[in-house]
Amino acid sequence: MQRFVFSFLCFRFKDNRKDDIWLVDFYAPWCGHCKKLEPIWNEVGLEMKSIGSPVKVGKMDATSYSSIASEFGVRGYPTIKLLKGDLAYNYRGPRTKDDIIEFAHRVSGALIRPLPSQQMFEHVQKRHRVFFVYIGGESPLKEKYIDAASELIVYTYFFSASEEVVPEYVTLKEMPAVLVFKDETYFIYDGKFQSCNSCKTWLLNLDMSFLISGKLVAIAVIDEKNTSIEHTRLKSIIQEVARDYRDQFHRDFQFGHMDGNDYINTLLMDELKVPTVVVLNTSNQQYFLLDRQIKNAEDMVQFINNILDGTVEAQGGDSILQRLKRIVFDAKSTIVSIFKSSPLMGCFLFGLPLGVVSIMCYGIYTADTDGGYIEERYEVSKSEIESQEPTEESKEQEPRSGDALVPTVQGPKDVLEKKKD
């Protein structure tokens, strides 16, 4: 009955999904990462419902409803998508409740949000680290800006404002214009977009370069549910360094914290104990681990300085050896997750092929052994026959050499003929 109800809901979702906004988790029952996401996903659904969000939160077994999953381009598990009208937006961020909810709010809301006043502009600037703003009225540039934002909204926010709203330190040479703001600095695109694709490419490349290009990312890996002093202290130290040493490190570093070590373990192909701090170089896949115990902000600053002057050895990278290691690690992780989540399915998936191969190998081996045995027996029989032939010939020739000594034995047929005579 439960399966029938779920099937009915799936068909209803497929028919009516364009009437609502859906945040869907496509999962597989045997996927270990899907099982880890399940409690977080339940919290996302409760939170979205409690705040009265128009986004409907659901999940779908992509292995049972493969046609629907294929329609939305699901290739791995878990896959989170926000479905809005004819568009499907992929979520690629950290699998935490706050990040998923923030993604849902950003993508489900207005594509281009207006900034009517300077106070609103300042509020947005404090809340969002990177965002784009279109300055001016209706124009072909705005149409291309809107079209580009429809695809790139998964990365950041897009706003529109009048010239009077932007801060005084912004100098505009011509109107309309597209600006990107980050940490109270800005960049103006003052050229002409030849096509919509060039607009998208510029916005995407600029956004990514502002986010990660050339910077190291210092992450405090903690357990949010653990309220011990070690976890809370390390999080506060990262926040203190990011705030008080911003002028010293903002050109080279980004700072943040992460709940749980699952993502970091997958990225580093290693098991990190929490709480800890790891520094990632996103340009070459290298990382740095702590060489000291972090007790205060000064220890963290010294650790960062040691990274900058080369004292701390970098690990990882994107060499051929690391790539091969990544392939082996991913295969091993997939196999382990399958056996942990569903041992019977794991035995079936891997035991059946191994059994078939074993039977084939056994059949080939026994066939070769039997053939060799028959051939050997044939050779032995042939040799025995050849050795017996001279013996028989000699027996036939013996009476000729000894006719006078050995009498000839008459057979029954000869005796009968003599009686008849």
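The values are calculated or read from the model by the stated rules, or taken from the named source; none is laboratory data. Predicted model only: the values in this text are computed from it and were never measured. Using ideal geometry, Cβ is built from the backbone for each residue, glycine included, and neighbour counts are taken over all protein chains shown. The protein model used for the area step is the full one, side chains on, heavy atoms only, and it has no ligands, DNA or RNA in it. Shrake-Rupley method; radii C 1.70, N 1.55, O 1.52, S 1.80 Å.
Residues are listed down the side, and each one gets a yes or a no for (1) assigned to a loop (DSSP other than H, G, I, E, B); (2) in contact (Cβ under 8 Å) with a residue 24 or more places away in the chain; (3) open to solvent by 70 Å² or more (accessible area, probe 1.4 Å):
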site	(1), (2), (3)
Glu230	no, yes, yes
Val241	no, yes, no
Asp247	no, no, yes
Gln254	no, yes, no
Met258	no, yes, no
Tyr263	no, yes, yes
Phe288	no, yes, no
Gln293	yes, no, yes
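Filter the stretch 305-335 down to the residues that are in contact (Cβ under 8 Å) with a residue 12 or more places away in the chain, under 25 Å from Gly351 (Cα atoms) and in contact with a helix residue (DSSP H, G or I) (Cβ under 9 Å, 6 or more places away or on another chain) and list them by number.
Within the stretch 305-335, Phe329, Ser333, Ile335 meet the criteria.
Mind checking which residues of the stretch 115-144 are closer than 16 Å to Pro176 by Cα and surrounded by 14 or more Cβ atoms within 10 Å (Cβ to Cβ)?
Leu115, Phe132, Val133, Tyr134, Ile135, Gly136, Leu141, Lys142, Lys144
Is one or more of the residues making up the stretch 273-280 in contact with a Phe, Trp or Tyr (Cβ under 7 Å, 6 or more places away or on another chain), part of a loop (DSSP other than H, G, I, E, B) and within 27 Å of Leu321 (Cβ to Cβ)?
no
Restricting to the stretch 145-177, what's the tally of residues that are part of a loop (DSSP other than H, G, I, E, B) and open to solvent by less than 60 Å² (accessible area, probe 1.4 Å)?
Counting residues in the stretch 145-177 that are part of a loop (DSSP other than H, G, I, E, B) and open to solvent by less than 60 Å² (accessible area, probe 1.4 Å) gives 10.
Can you report the number of residues in the stretch 336-368 which are touching a helix residue (DSSP H, G or I) at 6+ places or on another chain (Cβ under 6 Å) and open to solvent by 80 Å² or more (accessible area, probe 1.4 Å)?
1
So which residues in the stretch 48-86 are without any contact (Cβ under 8 Å) to a residue 60 or more places away in the chain, under 14 Å from Ile100 (Cα atoms) and touching a helix residue (DSSP H, G or I) at 6+ places or on another chain (Cβ under 6 Å)?
Val55, Val57, Pro78
Let me spell it out: the conditions are (1) among the hydrophobic types (A, V, I, L, M, F, W, C); (2) open to solvent by 80 Å² or more (accessible area, probe 1.4 Å); (3) assigned to a loop (DSSP other than H, G, I, E, B), and Ile327 meets all of them except one. Which number is the exception?
Result: Ile327 passes all but (3).
Out of Phe187, Phe193, report the one residue that is buried (at least 18 other Cβ atoms within 10 Å of the Cβ), touching a helix residue (DSSP H, G or I) at 6+ places or on another chain (Cβ under 9 Å) and either more than 29 Å from Pro275 (Cα to Cα) or modelled with pLDDT under 85 (or both).
Criteria check complete, one pass: Phe193.
Mind listing just one residue for me: the one in the stretch 40-63 that is open to solvent by less than 50 Å² (accessible area, probe 1.4 Å) and not hydrophobic (A, V, I, L, M, F, W, C) and, of those, nearest to the chain's Cα centre (by Cα)?
Among residues in the stretch 40-63 that are open to solvent by less than 50 Å² (accessible area, probe 1.4 Å) and not hydrophobic (A, V, I, L, M, F, W, C), the one nearest to the chain's Cα centre (by Cα) is Asp61.
Which residues, taken from the stretch 115-139, are more than 13 Å from Phe158 (Cα to Cα), in a helix (DSSP H, G or I) and not hydrophobic (A, V, I, L, M, F, W, C)?
Within the stretch 115-139, Gln118, Gln119, Glu122, His123, Lys126, Arg127 qualify.
So which helices (runs of 4 or more DSSP H) are wholly in the stretch 1-108 and hold at least 1 residues that are at pLDDT 90 or above?
32-50, 97-108
From (1) open to solvent by less than 40 Å² (accessible area, probe 1.4 Å); (2) in contact (Cβ under 8 Å) with a residue 60 or more places away in the chain, pick out the condition that doesn't hold for Leu272.
(2)
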